[in-house]
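Just below is one structure, and these are the notes that go with it.
The values are calculated or read from the model by the stated rules, or taken from the named source; none is laboratory data. Everything numeric here is computed off the predicted structure, so don't read it as measured data.
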Amino acid sequence: MLLRLDTADTRPLHEQVAGAIRRAIAEGECGPGDRLPPARDLSGALGVNSNTVLRGLRTLRDEGVLEFRRGRGITVAADADHRSDLLDRARRLIADAARAGYDKADLIEMIRGMS
């Protein structure tokens, strides 16, 4: 799995780490059940602190994209590819709405109005 961070990106590093892993899953570089390298190895490859990588990994765990298993490391969750893609599209929607002057509450109201 080849991950890269964009030095020109203004987002916090842990969000960039999470985004890079999401992209790798969405593009099929790693799939459900695949084991990720240890955080220490990822931090060395990315040139960031291991705590930064761990924070990004925990974000993905909380989103249901990754599973942490004691003794087995970190693996990609069974439905991670679909969930990762959906979360990425939701983030883009939120960003597009913000550029148009809408906030998250406005989006929620719009979505509720669709059902």
Handout entry: Identity of the residue in region 68-115, among the polar types (S, T, N, Q) and modelled with pLDDT under 85, that ends up nearest to Ala26 (Cα to Cα)
Key = Ser84
Completion exercise
Residue hits (region 62-81; over 12 Å from Pro38 (Cα atoms) and among the polar types (S, T, N, Q)) are none
